[in-house]
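The block underneath contains the structure these notes are about, expressed in structure tokens.
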Amino acid sequence: MKKVSLFLVVLLVSMTAFSQSFSKVERDLILSGPETEMLRVTQVTDSADLKILKAVSTDINPKDKLIPVLAKRMYLAMRDPARPGVGIAAPQVGINKNIIWVQRFDKPNEPFEYYVNPKIVWRSNLIRKGAEGCLSIPDERGDVYRNYTIQISYFDAKGNFKQEVIEGFTAVIFQHEIDHLNGILFTDRMIEQLTFKEIPLSETIKLSLESETKR
């Protein structure tokens, strides 16, 4: 128990110590309009946007005062009636910082929640294949393999550090959005998985065991 507690303390200190502030460009973008106005969603069809989408994002101080403002404008972009989604990552609004929104289909009333500096710390060998789309990739969908169960660490909206085990479709959304933070698009996963090997467990339920680990 002491070793686990010490590990969490070291993890917390390191995550805070190596976090970065928003750049001037990012601050200007976040404050470019009122909190009631959504930010524009970056698109792979725009070269400048694609550069942001393919960049690796960095941690941010979970107590940064601009996070709630960014989160509100991200939420509005995600829930745009013209193209509503179930998740969004900060690079999708032009900010290369580790912040995501996810709809929690595994909770009562299926709430939307945002997470700061989320990390996947464990993945199951059990995987599932399902269709995915992306707000930043218009008019394209495809099947992607995702781990059925994951364990994540993150800071919540109040700045509290937490760890949680998540499974099913909600775990798929977390993996999709955290991929965005690492500059990975679902279309990249589709290409990567062209030679993917699996061991089917059932003909009716599309669950498999991963035969070769590739991250």
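The values are calculated or read from the model by the stated rules, or taken from the named source; none is laboratory data. The shown structure was predicted, so the numbers you read here are calculated from the model rather than taken from an experiment. Positions of Cβ are generated from backbone atoms using ideal geometry, with glycine treated the same way; all protein chains shown enter the neighbour counts. Calculation scope for accessible area: heavy atoms of the full protein, side chains included, ligands and nucleic acids excluded. Shrake-Rupley method; radii C 1.70, N 1.55, O 1.52, S 1.80 Å.
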Confirm whether ILE173 is open to solvent by less than 50 Å² (accessible area, probe 1.4 Å), closer than 22 Å to MET74 by Cα and either modelled with pLDDT of 95 or more or basic (Lys, Arg) (or both). yes
Just one of the numbered conditions (1) among the hydrophobic types (A, V, I, L, M, F, W, C); (2) open to solvent by 70 Å² or more (accessible area, probe 1.4 Å); (3) farther than 15 Å from ILE178 by Cβ is not true of ILE137; which one? (2)
Scan segment 96-105 and tell me whether some residue there is of a type in the set (S, T, N, Q) and in contact with a Lys or Arg (Cβ under 9 Å, 6 or more places away or on another chain). yes
Quick one: which of ASP106, ASP59 is in contact with an Asp or Glu (Cβ under 8 Å, 6 or more places away or on another chain), among the charged types (D, E, K, R), within 29 Å of GLU167 (Cβ to Cβ) and open to solvent by 10 Å² or more (accessible area, probe 1.4 Å)? ASP106
Kindly indicate whether TYR115 is over 30 Å from THR45 (Cβ atoms), under 17 Å from the mean Cα position of the chain (by Cα), surrounded by 14 or more Cβ atoms within 10 Å (Cβ to Cβ) and of a type outside the set (Asp, Glu). no
Suppose the filter is charged (D, E, K, R) and either closer than 24 Å to PHE161 by Cβ or crowded, with 18+ Cβ neighbours inside 10 Å (or both); does LYS65 pass it? yes
Of the residues ASN182, ASN125, which is open to solvent by 60 Å² or more (accessible area, probe 1.4 Å) and within 25 Å of LEU76 (Cβ to Cβ)? ASN182
Verdict on ARG73 being exposed (fewer than 14 other Cβ atoms within 10 Å of the Cβ), closer than 24 Å to ASP139 by Cα and touching a residue at least 24 places away in the same chain (Cβ under 8 Å): no
One residue is enough: does segment 96-103 have a residue meeting the conditions in contact (Cβ under 8 Å) with a residue 24 or more places away in the chain, under 28 Å from LYS72 (Cβ atoms), surrounded by 14 or more Cβ atoms within 10 Å (Cβ to Cβ) and out of contact with any helix residue (DSSP H, G or I) (no Cβ under 9 Å at 6 or more places or on another chain)? no
Give the residues of segment 98-147 that are out of contact with any strand residue (DSSP E or B) (no Cβ under 7 Å at 6 or more places or on another chain) and of a type in the set (A, V, I, L, M, F, W, C), sorted by residue number. PHE105, CYS134, ILE137
Regarding segment 188-206, can at least one residue be identified that is in contact with a Ser or Thr (Cβ under 7 Å, 6 or more places away or on another chain) and at pLDDT 95 or above? no
